[in-house]
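Here's the structure, in structure tokens; my notes come after.
The values are calculated or read from the model by the stated rules, or taken from the named source; none is laboratory data. Since the model is a prediction, treat every value here as computed from it, not as a measurement. Backbone-built Cβ (ideal geometry, glycine too); neighbour counts: all protein chains shown.
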Amino acid sequence: MSKPKGINTICTHVGELEDTEFRGAVSPLYMSTSYAFEDVEVKRYPRYFNTPNQVALTRKMAALEHGESSLIFGSGMAAVSTSLMAFLRSGDHVVFQDSLYGGTSNLVTEEFDKFGIAYSFAKDARIESLEAELKENTKVIYIETPSNPLLRITDMKAVAKLAKKEGLVSMIDNTFASPVNQNPIDFGIDVVIHSATKYMGGHSDILAGTVISSKEYIDRIFQMAKNFGGSLSDYTVWLLERSLKTMGIRVKAQNENAMKLAEYLNSHSDVSKVYYPGLKDHPDHKLAKEQMKGYGGMLSFELNEDINVSEFMKSLELIKPSMSLAGVESTILLPSKTSHGLLSAEEREKQGIKDNLLRFSVGIEETEDLIEDLEQAINKVIKN
Ligand SMILES: *Cc1c(COP(=O)(O)O)cnc(C)c1O
């Protein structure tokens, strides 16, 4: 069979380990931490990222993101921190997009000084703003699109072009889009990172991360990874492989639900603003259409000022207030109190994150049930 290209075919089949003994339908699980030497060169050990299940899953990850090679990590942050550190050393500088996942911005602002690594945050996600932060010693440019929580879109092709021109490594956190909706390597981005805890795992029961790139860059990240020790245990690797089989259909269902909910909220008289790249009035809709295959399952919205958002959240019955995202179940949170709660009020205002902004991770429930839940919660708070 030639190389399968369709997303669901990759999800279900690529990289599987063959059960030659019993011909079972799924990959056998190898839990050994100790393997006999194959020859003097090959040392098989989980922290060397080379057990049978780890290697099998890297093949699926590479195929999903159209890269040559991949590594699987114990968390998204292990993938983010190890990938950044592999390309940066004391005296170097890195440019980040303005709004980053909270854990990544904590990594940068709390740790980078200790390693003598300088950094800048661009004032917004536009290419001119990223370019304006470049210095003599800049080595890496790092983006996240769609961004959290306002779903702004960064132009991947322009970032890749700028990186090539300046001799920088371009990196993206592609977690929010998932490989179903966006493949940054096709646009020239060098290194693609995911928190596999989110759409890849998809059932809110796995913590994992991955990085996909060229063979050369993955070898370089591996040199750092084996020393930092952020590998994933084989049992969870195996569970993640199982989860990925349904990622294509899950994410497509989430895309569809999110689009319908965005339209419903957008036309609701008690909702003042909706942020969803699939909506025609989203400021980056055109760019999203150019570089995304689907607009994703994340959306944000603001209720009218006179509505008490905490009461609204408490009144929801089906949609759960929760910290994480991208599971099959719908969840909602207030960024000002949670993901962006550590920022000062001025910083939040600068980023456009209002106190009543709600971030909605849309699940796979029936659209009608989700709409009914939102409707009854709005009606309840308005009556009170
Ligand atoms: C959750 C998340 C991370 C961190 O992943 P963990 O698996 O929690 O370590 C990084 N980036 C984005 C965009 C995320 O949503």
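Structure data summary
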quantity: Flag if Glu365 is over 23 Å from the mean Cα position of the chain (by Cα) and among the acidic types (Asp, Glu); calculated: no
quantity: Qualifying residue in the range 172-183 (condition: farther than 19 Å from Ile7 by Cβ and not in a strand (DSSP E or B)); calculated: no
quantity: Residue in the range 317-328 that is modelled with pLDDT of 95 or more, closer than 26 Å to Thr197 by Cβ, more than 24 Å from the chain's Cα centre (by Cα) and not β-branched (Val, Ile, Thr) present; calculated: yes
quantity: Filtered residues of the range 321-339 (kept if over 14 Å from Leu299 (Cα atoms), among the aliphatic types (A, V, I, L, M) and away from the ligand (no atom under 12 Å from the Cβ)); calculated: Val328
quantity: Candidates Ala158, Ala122, Ala132, filtered to the one that is more than 20 Å from Phe87 (Cβ to Cβ), of a type in the set (Gly, Ala, Ser) and within 21 Å of the chain's Cα centre (by Cα); calculated: Ala158
quantity: Identity of the residue in the range 340-382, touching a residue at least 24 places away in the same chain (Cβ under 8 Å) and more than 25 Å from Tyr264 (Cβ to Cβ), that ends up surrounded by the most Cβ atoms within 10 Å (Cβ to Cβ); calculated: His340
quantity: Which listed residue, of Gly202, Gly229, Gly209, Gly188, is crowded, with 22+ Cβ neighbours inside 10 Å, of a type outside the set (D, E, K, R) and at positive phi; calculated: Gly202
quantity: For Asn308: the one exception among (1) free of Cβ contacts under 8 Å to residues at least 24 places away in the same chain; (2) farther than 28 Å from Pro184 by Cβ; calculated: (1)
quantity: Selection count where residues are part of a loop (DSSP other than H, G, I, E, B) and touching a helix residue (DSSP H, G or I) at 6+ places or on another chain (Cβ under 6 Å), scope the range 352-375; calculated: 3
quantity: Cβ pairs under 6 Å, 6+ apart, first in the range 176-205 and within 12 Å of the ligand (Cβ to nearest atom), second polar (S, T, N, Q) and not in a loop (DSSP other than H, G, I, E, B); calculated: Ile193/Ser83; His194/Thr210; Ala196/Thr210; Tyr199/Ser178; Gly201/Ser243
quantity: Residue count for the range 244-278, restricted to those that are surrounded by 22 or more Cβ atoms within 10 Å (Cβ to Cβ) and either outside any loop (DSSP other than H, G, I, E, B) or among the polar types (S, T, N, Q) (or both); calculated: 11
quantity: Residue among Met77, Met85 that alone is under 19 Å from Leu207 (Cβ atoms) and either in contact with a strand residue (DSSP E or B) (Cβ under 8 Å, 6 or more places away or on another chain) or of a type in the set (A, V, I, L, M, F, W, C) (or both); calculated: Met77
quantity: Residue satisfying condition, being closer than 21 Å to Lys293 by Cβ, among the aromatic types (Phe, Trp, Tyr) and touching a strand residue (DSSP E or B) at 6+ places or on another chain (Cβ under 6 Å), within set Phe187, Phe121, Phe176; calculated: Phe176
quantity: Test set (1) more than 16 Å from the ligand (Cβ to nearest atom); (2) within 19 Å of the chain's Cα centre (by Cα); (3) in a loop (DSSP other than H, G, I, E, B) - Asp281 fails condition number; calculated: (2)
quantity: Where a residue in the range 39-54 is part of a loop (DSSP other than H, G, I, E, B) and its partner, wherever it lies, is modelled with pLDDT under 95, with Cβ under 6 Å and at least six apart; calculated: Arg44/Tyr35; Asn50/Arg44
quantity: Among (1) closer than 28 Å to Ser204 by Cβ; (2) modelled with pLDDT under 95, the one test that Glu38 misses; calculated: (1)
quantity: Failed item, numbered, when Lys165 is tested on (1) within 22 Å of the chain's Cα centre (by Cα); (2) basic (Lys, Arg); (3) assigned to a helix (DSSP H, G or I); calculated: (1)
quantity: When residues of the range 198-212 are limited to those that are in a loop (DSSP other than H, G, I, E, B) and among the hydrophobic types (A, V, I, L, M, F, W, C), the one nearest to Val180 (Cα to Cα); calculated: Met200
